């Protein structure tokens, strides 16, 4: 298995678990996954990609996105620090 995806009602990817993430738990709730958030228009507004695991806790690179009124992506920020899943 290479990856498993979970989708919302509109067909947007909400979670993606790759082969490396499959090894971190026995159920999807325990596994480390990439997380995605969308606005009501269906535009991707944030991605959280796992970058390291310390003492059983995953740390993510959070990338927020901004758009203009026409739906064109105008901003994509990459931060130097990592966040936990809930931060």
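Quick look at the values:
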| item | result |
| --- | --- |
| Every residue from the stretch 1-27 that is in contact with a helix residue (DSSP H, G or I) (Cβ under 9 Å, 6 or more places away or on another chain) and modelled with pLDDT under 65 | 1 |
| Leading residue by the ranking (surrounded by the most Cβ atoms within 10 Å (Cβ to Cβ)) among those in the stretch 47-72 that are farther than 21 Å from residue 18 by Cα and touching a residue at least 24 places away in the same chain (Cβ under 8 Å) | 67 |
| Flag for residue 86 being more than 19 Å from residue 4 (Cα to Cα) and modelled with pLDDT under 90 | yes |
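The values are calculated or read from the model by the stated rules, or taken from the named source; none is laboratory data. The structure displayed is predicted, hence computed values, not measured ones. Using ideal geometry, Cβ is built from the backbone for each residue, glycine included, and neighbour counts are taken over all protein chains shown.
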